Structure formats: structure tokens, C-alpha cells
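Notes for the one structure printed next.
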Amino acid sequence: MLDKKPLDAISDDAVFNDPVFLQGYVYDIYSGIKPPWKPGSGGYETLTDVAVDQPQTHDAALGIREYVQGIMSPFNVNDIISDSDGLSIWNKEYNYIRKANIFFEKTDKGSAISPDKLKFMRGQVHFLRAWMYFELMRTFGGVPIIKNSFSLTDASFDVARNTYDECNKFVLAECDTAISQLDGYTINAGQISKPAAMALKAKILLYAASPLNNPSNDLSKWQAAEAATKAVLDLSYTLHPKRDELYVKPLQTDEIIFGKSFTPASRIPDWGYNYDYWPSGFDARQRVMPTQTFVNMFQLKNGEYPYLEDGVTVNPASGYNEQMPNENRDPRYYSTVIYPGAGPFTINDGAKSTLRRYEYWEDANPNPDNAPPYQNPNKKDPGNGFDLFDYGRDSKTYWVKGLTPFHWNVQTGYTFRKFCDFSGPRASFDYDYNQVVPYMRLAEFYLNYAEIEMALGKEDVARTYINKVRSRASVGMPDIKSSGAKLLRDYRNERAIELCLEDSRFWDLMRWKAAPGNVDIPIRGLTSVTMDWTGVPPGDINVLGKLAFKYGVIAAAEVRSKWPGDFYYLFPIPDTEIKRSHGVLKQNPGY
């Protein structure tokens with residue numbers, strides 16, 4: 001009578017002999033793929049020239065400040081590499097690697113599941129184990145390769161680090177196994193596939209060929225990356241004609257090789273992208289913002305940069321006007337950045353719901369203490385009846401007067417539009433937001449291939465593949481025709497724009513060893529935006545007056561120290577892990 005199966009748990013035997021249960025186990029290992037918004041919802045972009053964070057509202061603010069001030073160490077590194085649950089990348093990835101190892105140990109012993117179904121699942125887990133090791137490698141360099149699960153009866157848990165090359169050989173073998181075992185299967189959107197395994201292999205080879213991991217510039221490494229990347233390009237993927245649709249449901253599998261859409265149960269933690277990117281005047285934290293340096297990367301429609309390389313001198317060939325900065329820009333600018341006057345956007349937030357522009361401006365002609373009477377001809381928002389002023393609802397004055405709880409002191413004048421979902425409420429734990437995160441997509445591999453071809457001296461081929469990205473139907477930017485150092489700048493600029501917020505920029509700068517001048521520079525933005533309402537007729541709150549802009553360094557932003565040195569291209573292993581290994585793990589040089 002007592003020989004009963006537990007009612008509150010599923011036994012190992014049941015899981016590893018039932019195809020539904022076991023696929024669920026495999027899907028759980030998918031969670032070992034680090035979300036691209038960690039740390040915080042801006043990911044590692046806030047450690048570069050692309051974005052800056054609000055220290056007061058950022059979950060990982062302490063770690064970000066330690067990094068940009070050049071004081072990251074084995075004793076504080078967990079501040080920046082930990083999830084909201086407190087687990088560091090090291091702990092989390094090895095936790096899921098252990099689950100993968102258990103999967104192989106159990107299924108190697110035989111299973112009642114049909115060999116065909118089991119082969120498909122094994123291919124997914126080989127991919128996942130490769131992905132998680134790759135994540136550890138690009139963070140720490142060489143790490144311990146562990147292919148078995150430990151038990152309490154093991155004599156020791158202390159494992160030394162493998163070299164980067166040993167790790168690279170292991171993950172490439174994992175990819176090859178995944179490619180073989182996933183061959184011939186029809187997959188659902190979001191599942192790991194043979195093309196995804198091919199793409200991961202190509203990406204790993206690109207990192208191995210890059211200056212950080214290839215100091216002697218061994219051309220054979222670039223040639224290996226070339227062959228693997230070309231194999232991906234020869235698959236049936238195409239650029240999706242409407243680029244903006246790549247970031248909303250459904251998953252656009254014509255371009256996205258591997259990606260994920262989200263449900264209320266699996267979306268970004270806390271309030272999500274909307275709460276962190278939306279205009280602060282709608283009680284959103286707006287805690288991750290584009291820098292002026294990033295904004296300047298977007299060319300004019302004529303293919304010219306708005307500024308010269310110093311970032312402050314207007315490019316005389318561009319036709320750019322600093323007082324009309326948002327006209328005639330690369331179309332990707334409008335879908336990536338929200339700038340003063342952008343919109344109007346339908347913003348749903350209870351009683352504040354309305355259709356309005358991003359109102360980041362102060363009164364150009366303020367009365368003392370911004371007191372009435374006001375010149376704005378519209379005194380009420382017809383959508384919600386709220387009072388309107390000469391200063392905008394996303395301005396500092398709006399916050400100072402207590403009309404919104406969030407403005408804080410680090411503002412560049414911009415916020416991100418990419419990944420925002422304006423179709424529903426600003427913040428809801430229950431709403432099914434439409435965001436999609438593409439982990440790997442064709443445009444990235446066009447750019448990867450361009451980089452490889454430049455390294456191999458084939459600039460004409462490199463330009464062809466950069467221009468494929470620029471000529472997408474919804475982008476339509478002129479072809480680049482540069483060469484040498486100018487081509488390198490154009491390529492890296494193109495990559496920063498196209499892959500913004502997709503967990504690329506920081507790791508690119510690390511593998512290129514290109515941090516100085518891109519990580520340690522002052523944060524620039526709009527130091528003043530004012531609105532003159534003279535002559536504006538009443539009736540439409542989205543008809544604006546004349547905006548005036550001033551640019552400069554944002555004094556309240558983090559003070560970024562000079563790049564500490566090459567050792568900073570890898571994160572230190574947390575001191576807790578060194579101690580836990582009884583000194584068997586050796587720390588990265590410089591820490």
C-alpha cells in the first residue's frame with residue numbers, strides 16, 4: 001500500500017523515459033541562455049558609448065559604476081555579472097551546464113523514448129552546452145570544462161581552468177554534434193535548429209579569430225570563420241523587408257535564425273523594457289538612455305555623418321543642422337531613438353493614457369519659477385484632461401514640480417524606442433507584451449562576414465555585405481564606398497546601429513580590443529532643450545513650437561575613468577569561486 005509514486009514530484013525515471021517530460025526538461029535548460037538585457041534592462045550597452053544608466057533606479061547601478069570607474073575586482077565583480085536573483089553568470093551557467101550533463105548521463109544509459117525523438121533533444125542540449133560555455137568564455141576567457149555532474153560522494157569538486165583554445169575546441173565539437181543530430185528535423189519557431197547550431201559555430205569562430213583571442217593574427221582562424229559564416233549565408237534566410245517587425249511577435253523566421261518571444265511568465269523581470277525605456281513623464285523610470293555619441297552614429301539619408309570624428313564639429317558635407325537634428329536621418333534612427341518631439345505615441349497608462357509626443361523640453365521664456373501665464377495655446381490634454389504647460393511632461397521641471405515621480409538627475413534628452421511596446425499598458429505583470437529578442441539573425445552574419453573579409457584583405461566583398469544590410473527595403477541607405485581606416489569606422493558604426501541592444505556592442509569592443517575611446521569617454525547628450533510656443537495655433541497638442549538645442553557633457557552621468565589596461569577585456573573570476581576551489585582556479589591576470 002505504501003509503494004506509491006510521489007504526488008508532488010516527477011521521478012527521474014519518469015522524466016527521462018517520457019518524451020513530453022524530457023522535452024520540458026530540455027526547455028528548462030534553454031533558460032541557461034543569458035538574456036541580452038542583463039545586467040539591468042540595457043544589458044552591457046551601458047558600459048559603452050551607446051547608453052548610460054540612471055544610478056538611482058538601476059538594479060545593477062553599483063556594478064556599472066565600479067566598472068566604468070575602473071575598479072572592478074574579484075571582490076565586487078558579482079555586482080555586475082549577477083542576475084536579479086543574485087546568481088552570477090558563473091554560477092548560473094554552470095548550474096545549467098550541470099543540468100545538461102545530467103541529461104547526457106541519464107540518456108546515455110538508455111531510454112524508453114524513441115531514438116529519433118531522443119536524437120533531436122540531444123542535439124538541442126549539445127547546442128545549449130556550447131552556448132553556455134561560449135558565454136563564460138567571452139566573459140572570463142578559459143574556464144573549467146566539466147562534462148559530468150558532481151555528487152555528494154565525489155572526493156573533490158575542485159577543477160582547474162582549461163585554456164581558451166581548449167574551451168574553443170570543445171564548444172566547436174559540441175556545435176558539430178548538434179549540427180549532425182539536428183539535421184532533418186522540422187522545428188517550431190523559437191526552437192534550436194541545425195541552422196542555429198551552424199550560426200553559433202560561425203560566431204564562436206569569429207570570436208576566436210578576433211584580436212583579443214588571436215594576438216598573432218593567424219589568418220587560418222579568419223579562414224575558418226569565413227567558411228563557417230559563408231555556410232550560414234548560403235542557407236535560405238533573407239533580410240526581412242520591414243526591420244521594425246523583427247522585434248515584435250510573431251518571430252520573423254525568414255531572418256531570425258534563433259530568437260525568443262515572451263509571455264507574461266517569461267518576459268524581462270521587474271516591469272520590463274517599457275518601464276525602463278518609456279518617457280519618464282508617464283511615471284516610467286527611463287533608466288537606460290542613448291548617449292549623444294550613439295545618436296551621432298546615425299548618418300543623414302545622404303550617407304554622411306552629422307559630425308566629424310571628434311563628435312562636436314559639424315560635418316560640412318552632410319547638410320546637418322544642429323537646430324534641426326532629427327531631420328533626414330537614417331530610418332533606423334526613428335525606430336531606435338525617442339528624441340525631443342518624437343511621436344506622437346499612443347501611451348496607455350490608466351488615467352494618463354493619451355496620444356502625445358516625447359515632451360523633453362523646458363520653457364524657452366519662463367516666468368519666475370515657471371509660473372503661469374503660459375504661452376502653450378493648449379491648456380489641457382484632450383485625451384485625459386491633464387494640464388499642459390510651456391515645459392514638457394518629460395522635462396526636469398515637470399518632475400521638480402512633483403507631477404511625476406521619475407526624472408532623476410542623469411538625462412541625455414533621449415530614450416530608446418527599440419523594444420518598447422506601445423500597444424498595451426506601460427507596466428503590467430499580466431499583459432502579454434509583444435517583444436521579441438533575436439539572439440542570432442541574418443543581418444548580424446552579413447556584418448560578421450564583412451568583418452572577416454576585411455581581415456582577409458577583401459574589402460570589395462566586405463563592402464558588398466555591409467551594403468546588403470544598408471539596402472534593406474525599409475532602410476534604403478546609400479552604399480558605402482570607403483576603404484582602409486574609413487571602411488573600418490563605417491563597418492563598426494553600422495554594426496553598432498544595426499545590432500543596438502542585441503548584446504553585441506560591448507562584446508565587440510572587447511574582442512576588438514577597442515575599448516579606449518569607446519568605453520572611457522564622457523557621456524554627452526542634450527544639455528538644454530527649450531520650447532518657444534510663439535505663433536502656434538490651438539487645437540492640436542502635437543503641433544509644436546520651435547525647439548532649441550544645446551549639446552555637451554552630462555555632468556550628472558558617471559565619471560568614466562581612463563581604460564585601466566588590457567587585463568580589463570576579461571572579467572575577473574569571483575573571489576568566492578577561487579576560494580571555493582581551494583585555489584585550484586587561477587585568477588585572470590591583472591586582478
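Scan the stretch 52-62 for residues that are at pLDDT 85 or above and out of contact with any Lys or Arg (no Cβ under 9 Å at 6 or more places or on another chain) and the total you get is 1. Contact annotation: residue pairs with Cβ atoms under 6 Å, 6 or more positions apart or on different chains, pairing a residue in the stretch 446-470 that is in contact (Cβ under 8 Å) with a residue 40 or more places away in the chain and open to solvent by 20 Å² or more (accessible area, probe 1.4 Å) with a partner that is among the basic types (Lys, Arg) and assigned to a helix (DSSP H, G or I), are TYR446/LYS468. Pairs meeting the criteria (first residue in the stretch 203-226 and in contact (Cβ under 8 Å) with a residue 24 or more places away in the chain, second residue among the basic types (Lys, Arg) and in a loop (DSSP other than H, G, I, E, B), beta carbons under 8 Å, at least 6 apart or on different chains) are PRO211/LYS513; LEU212/LYS513. In the condition set (1) crowded, with 19+ Cβ neighbours inside 10 Å; (2) assigned to a loop (DSSP other than H, G, I, E, B), MET531 is compliant with all but (2). Scanning the stretch 77-91 for residues that are over 19 Å from the mean Cα position of the chain (by Cα) and open to solvent by 30 Å² or more (accessible area, probe 1.4 Å), we see that the one that is nearest to PRO144 (Cα to Cα) is ASN91. I'd like the full set of residues that are touching a residue at least 60 places away in the same chain (Cβ under 8 Å) and either open to solvent by less than 40 Å² (accessible area, probe 1.4 Å) or not in a helix (DSSP H, G or I) (or both), limited to the stretch 227-237. Within the stretch 227-237, THR229, VAL232, LEU233, TYR237 qualify.
Just checking, does the stretch 576-587 include any residue being free of Cβ contacts under 8 Å to residues at least 40 places away in the same chain, within 26 Å of GLY413 (Cα to Cα) and not hydroxyl-bearing (Ser, Thr, Tyr)? The answer is no, given that none of the residues of the stretch 576-587 is free of Cβ contacts under 8 Å to residues at least 40 places away in the same chain, within 26 Å of GLY413 (Cα to Cα) and not hydroxyl-bearing (Ser, Thr, Tyr).
How about the stretch 372-427: which of its residues are hydroxyl-bearing (Ser, Thr, Tyr), in a loop (DSSP other than H, G, I, E, B) and within 23 Å of MET289 (Cβ to Cβ)? TYR391, SER395, THR404, THR412, TYR414, SER423, listed by residue number.
Give the residue, chosen from ASP503, ASP520, that is on the phi < 0 side of the Ramachandran plot, open to solvent by 10 Å² or more (accessible area, probe 1.4 Å) and of a type outside the set (Val, Ile, Thr). So that I can check it myself, show each step before the final result.
Values: ASP503 fails: on the phi < 0 side of the Ramachandran plot.
The match here is ASP520.
Among residues of the stretch 253-278 being modelled with pLDDT of 85 or more, more than 17 Å from the chain's Cα centre (by Cα) and open to solvent by less than 60 Å² (accessible area, probe 1.4 Å), the one that is farthest from TYR391 (Cα to Cα) is ASP254. Selection of the stretch 332-371 for residues being under 32 Å from the mean Cα position of the chain (by Cα), closer than 30 Å to MET297 by Cβ and part of a loop (DSSP other than H, G, I, E, B) yields TYR339, PRO340, GLY341, ALA342, GLY343, PRO344, ARG357, TYR358, GLU359, TYR360, TRP361.
All of (1) modelled with pLDDT of 95 or more; (2) β-branched (Val, Ile, Thr); (3) buried (at least 22 other Cβ atoms within 10 Å of the Cβ); (4) farther than 30 Å from LYS242 by Cβ hold for THR397 with one exception: (3). Restricting the stretch 578-591 to residues that are open to solvent by 20 Å² or more (accessible area, probe 1.4 Å) and aliphatic (A, V, I, L, M) leaves a set whose member that is farthest from the chain's Cα centre (by Cα) is VAL584.
Count of the stretch 548-577 residues, restricted to those that are among the hydrophobic types (A, V, I, L, M, F, W, C), open to solvent by less than 30 Å² (accessible area, probe 1.4 Å) and either in contact with a strand residue (DSSP E or B) (Cβ under 8 Å, 6 or more places away or on another chain) or not in a loop (DSSP other than H, G, I, E, B) (or both), is 3. Only residues that are at pLDDT below 75 and not aliphatic (A, V, I, L, M) were counted in the stretch 10-37, giving 3.
Taking the stretch 41-129 and the helices (runs of 4 or more DSSP H) fully enclosed by it, the elements with 3 or more residues that are closer than 28 Å to THR415 by Cα are at 61-68, 78-81. Residue pairs whose Cβ atoms lie under 8 Å apart, sitting 6 or more positions apart in sequence or on different chains, and linking a residue in the stretch 514-541 that is within 30 Å of SER504 (Cα to Cα) to a partner that is open to solvent by 70 Å² or more (accessible area, probe 1.4 Å) and in a strand (DSSP E or B), are PRO522/VAL553; ILE523/VAL553; ARG524/VAL553; LEU526/LYS550; THR527/LYS550; THR527/VAL553. LEU300 fails exactly one of the following numbered conditions: (1) among the hydrophobic types (A, V, I, L, M, F, W, C); (2) crowded, with 22+ Cβ neighbours inside 10 Å; (3) touching a Ser or Thr at 6+ places or on another chain (Cβ under 7 Å); (4) modelled with pLDDT of 95 or more. What is the number of that condition? For LEU300, the failing item is (2).
Name every residue in the stretch 238-252 that is surrounded by 18 or more Cβ atoms within 10 Å (Cβ to Cβ) and part of a loop (DSSP other than H, G, I, E, B), in order of residue number. Once the filter is applied, which keeps residues that are surrounded by 18 or more Cβ atoms within 10 Å (Cβ to Cβ) and part of a loop (DSSP other than H, G, I, E, B), the stretch 238-252 yields LEU239, HIS240, LEU251, GLN252.
Any residue at all in the stretch 351-369 that's open to solvent by less than 10 Å² (accessible area, probe 1.4 Å), charged (D, E, K, R), farther than 18 Å from LEU526 by Cβ and touching a Lys or Arg at 6+ places or on another chain (Cβ under 9 Å)? Yes, the stretch 351-369 contains at least one residue that is open to solvent by less than 10 Å² (accessible area, probe 1.4 Å), charged (D, E, K, R), farther than 18 Å from LEU526 by Cβ and touching a Lys or Arg at 6+ places or on another chain (Cβ under 9 Å).
The values are calculated or read from the model by the stated rules, or taken from the named source; none is laboratory data. Quick caveat, the model's predicted, so the values are computed rather than measured. Counting neighbours? That spans all protein chains shown, and the Cβs are built from the backbone with ideal geometry, glycine included. Note: accessible area is taken over every heavy atom of the protein model, side chains too, but ligands, DNA and RNA are not part of it. Shrake-Rupley method; radii C 1.70, N 1.55, O 1.52, S 1.80 Å.
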